[in-house]
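*Asks:* Below is a structure I'd like to ask you about.
Read the figures in this text as sums done on the coordinates, not as results from a lab. As the structure is a computational prediction, the values presented were derived from the model and not from experiment. Neighbour counts are summed over all protein chains in view; Cβ atoms, including those assigned to glycine, are modelled from backbone coordinates with ideal geometry.
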Amino acid sequence: MWATIKSIFLAIPTGLSVTFKHLFRRKVTTRYPDVKPVFEDRYRGLHYLSRYPDGRERCVCCGLCAKACPADAIYMEPTETETGERYPKVFEINELRCIFCGFCEEACPEEAIFLGHEFEFSAGDRGDFIYTKEMLLANFDKIEKDRVAKNIKPFIRQDKFQFKKPADPVH
Amino acid sequence: MAELIPVIIVIVKVTVIFVGLLTAVAYTTYFERRVVAFIQSRIGPNRVGPAGLLQPLADAVKLLFKEEFIPAKANKFLFSIAPMMSFVPACMAIAVIPIGDTISIAGYKIDLIISDLNVGILYIFALSSLGVYGIVLAGWSSNSKYSLLGGLRSSAQMISYEIGLGLSIVGIVMITGSFSLAEIVRFQSGSIFNWFIFKQPVAFLLFFISAMAETNRLPFDLPEAESELVGGYHTEYSGMRFGLFYLAEYASMITISSLAATLFLGGWNGPYLPPVFWFLIKVIFFLFIYVWVRGTLPRFRYDQLMRFGWLVIIPLTLLNIMITGLLIYLWR
């Protein structure tokens, strides 16, 4: 009985004062669709395939990213231009398989593939999650336009890679 | 025509107070969700309408369109009327609570109370006892073990705490010498120190604790203790039948809050503002305490609840009556 009375006159008012203070605290809820979350630079979202400043795509279809991918999410088929430049004919990322580990961007020797900050990509069909090369390049174009508009320094090496015709092995 | 006017006045009063009560019930749910959310550092419902103010409306629409499921082996008749038996008494109790002073419009004196019964307090207690039937029958007729246990707990709890609730205000009745709530409010007019919270502080505390138990609110919400009994007596209910239980709980919360305001905080007495506003402020104050306590305290264990009711509340109320009687005797 004494404990009960003590709890009424001591413990309960203490608890009530704690909750009363909480009434005026900053709320922790993120109002998601109204207020978008701000991510750190290292956040790994939807992929993009970058281009050189002149618009050429950087990917040479070496297949290192596909090799590094632990989820087998990347598929590519190489081809060449008349000048002998390798580029991917088909480059597909299955975003449903992808675990967003970022190994592909680490593996890439050409600074071609990156994981951006986009996270709101949903679809009604599983097939829509297979992102083609055009879609991935379009992601880059969107990000690049935003970067130029905000006047942020690019983090990718900008110097144009000069392709040299391989020396004739016979001569 | 002149004979009809008092009838019209009564009809208008009943309509206004009843509609007001139902609106208040709807917005008490919103108020509670918002305040509890704030206590938990959340925002609460804020999507429907400005600041979520249309949320109660959306809830009502949702409840009306939901399926009203009846379990196969339930007693269908009792299952159907149990929500009404719980809702109607909860709403009826507001009839004897004075929400304002007597006003005169076009020469007619109007008491802002539906019916100034000379046994108003007894009437409220009678109705709150009737409310138990709805819950017990709901628990029994559902033919579900959780519902039955919830109903049984509810009956035992409400009977136990009704004694405390009734005895705690005997002191006030002794001082005023009246069961009429309007009389009790008039007795408290004048200075703020005429309010019974200053004359009967222990009784106030006991009354409010018992009231929380009587309305099945946390920390005494054992009839619907969700961690043990799923939903308690309303486990099997859905749709508007469930909604009626919900409304009944909030209606009795409002009734008990207005009873507390009437008995202990001087009802509509207060300076500057119109009496009705003072009454509403006090009721909202009590509702806030209800929600605040809900956001703070965990639930009692069942044996603790019973021991607290019988061994703490009731002896203290008896002691309070004794001391009040002694003081009244010495005063005169």
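*Asks:* Give the separation of the Cα centroids, the stretch B:83-123 to the stretch B:4-48, in Å.
*Replies:* Going from one Cα centre to the other spans 17 Å.
*Asks:* Test of understanding: in a Gaussian network model of chain A with alpha carbons linked when under 10 Å, which of A:L136, A:L49, A:L96 would top the mean-square fluctuation ranking?
*Replies:* The residue that fluctuates most here is A:L96.
*Asks:* Need one value for A:15-23: mean number of C-beta atoms belonging to other chains within 10 Å of its residues' C-beta atoms.
*Replies:* 5
*Asks:* I'd like to know which of B:L311, B:P83, B:A60 lies farthest towards the positive end of the charge dipole of the protein assembly as shown, counting +1 on Cβ of Lys and Arg and -1 on Cβ of Asp and Glu.
*Replies:* B:L311
*Asks:* Now, a different point. Report, as an integer, the average count of C-beta atoms from other chains found within 10 Å of each Cβ along B:308-321.
*Replies:* 1
*Asks:* Along the positive direction of the dipole of chain A (beta-carbon charges: Lys, Arg +1; Asp, Glu -1; about the Cα centre), which of A:L10, A:P33, A:G45 reaches farthest?
*Replies:* Farthest along the dipole direction, towards plus: A:L10.
*Asks:* Is there a quick way to get the dipole size of the stretch A:47-150? I mean about its Cα centre, with the Cβ of Lys and Arg at +1 and of Asp and Glu at -1; what is the value in debye to the nearest 20?
*Replies:* That gives the stretch A:47-150 a dipole magnitude of about 120 debye.
*Asks:* A follow-up question, please. Would you please give the FRET efficiency between B:I105 and B:L311, computed as 1/(1 + (r/R0)^6) with r the Cβ-Cβ distance and R0 = 41 Å, to the nearest 0.05?
*Replies:* 0.20
*Asks:* Turning to a different aspect of this structure: If we count other beta carbons within 10 Å of each Cβ, what is the order of A:D146, B:D59, fewest first?
*Replies:* Final ranking by Cβ density, sparse to dense: A:D146, B:D59.
*Asks:* Would you mind calculating the relative contact order of the stretch B:41-138 from Cα pairs under 8 angstrom and at least 6 residues apart, reporting the percent as a whole number?
*Replies:* After rounding, I find 28 percent.
*Asks:* In whole angstrom, note down how far apart the Cα centers of the stretch B:303-318 and the stretch A:25-53 are.
*Replies:* Here the two parts' Cα centres lie 56 Å apart.
*Asks:* For a protection proxy built on the mean count of beta-carbon atoms within 10 angstrom, sort B:102-115, A:50-63, B:276-289, A:67-80 highest first, please.
*Replies:* Top to bottom by mean Cβ count within 10 Å: B:276-289, A:50-63, A:67-80, B:102-115.
*Asks:* Can you tell me the equivalent ellipsoid semi-axes for the stretch B:178-332? Use √(5λ) from the Cα gyration tensor, largest first, whole Å.
*Replies:* They are 31, 22, 12 Å, listed from largest to smallest.
*Asks:* Can I ask one more? Can you give me the distance in nm between label points at B:L327 and A:F155, each placed 7 Å from the Cα along the Cα-to-Cβ direction?
*Replies:* The modelled label-to-label distance comes out at 7.2 nm.
*Asks:* Kindly provide the helix-only [θ] at 222 nm of chain B, computed as the sum of -39,500 (n - 2.57) over DSSP H runs of four or more divided by all residues, to the nearest 500 deg cm²/dmol?
*Replies:* Computed ellipticity for chain B at 222 nm equals -21500 deg cm²/dmol.
*Asks:* Pick out, from B:A251, B:V283, B:G239, the residue whose Cα sits farthest towards the positive end of the charge dipole of the stretch B:70-331, with +1 on the Cβ of Lys and Arg and -1 on the Cβ of Asp and Glu.
*Replies:* B:G239
*Asks:* Need one number: nm distance between label points at B:I192 and A:T4, each 7 Å from Cα along Cα→Cβ, rounded to one decimal.
*Replies:* Once both label points are built, they end up 3.3 nm from each other.
*Asks:* Count, for each residue of B:235-244, the Cβ atoms from other chains sitting within 10 Å of its Cβ, then give me the mean as a whole number.
*Replies:* 0
*Asks:* What number, in percent, do you get for the relative contact order of chain B if the mean sequence gap of Cα pairs under 8 Å and at least 6 apart is divided by its residue count?
*Replies:* Result for chain B is 23 percent.
*Asks:* Can you give me the Rg/Rh ratio for the protein assembly as shown, using Cα atoms for both radii and the Kirkwood formula for Rh?
*Replies:* Rounded to two decimals, Rg over Rh is 1.22.
*Asks:* To the nearest 20 Debye, how big is the dipole of chain B about its Cα centre, given +1 on the beta carbon of each Lys and Arg and -1 on that of each Asp and Glu?
*Replies:* In total the dipole reaches around 480 debye.
*Asks:* Here's another thing I want to ask about it. Using Cα-Cα distances under 8 Å and only pairs 6 or more residues apart, what relative contact order does chain A have, in percent?
*Replies:* Relative contact order comes out at 24 percent.
*Asks:* Could you estimate the translational diffusion coefficient of chain A from the Stokes-Einstein equation, with Rh from the Kirkwood formula over C-alpha pairs, at 37 °C and 0.692 mPa s, in whole µm²/s?
*Replies:* Value of D from the Cα-based Kirkwood radius: 164 µm²/s.
*Asks:* Same structure, new question: What number does chain B give for Rg over Rh if you use C-alpha atoms and the Kirkwood radius?
*Replies:* Ratio of gyration radius to Kirkwood radius for chain B: 0.98.
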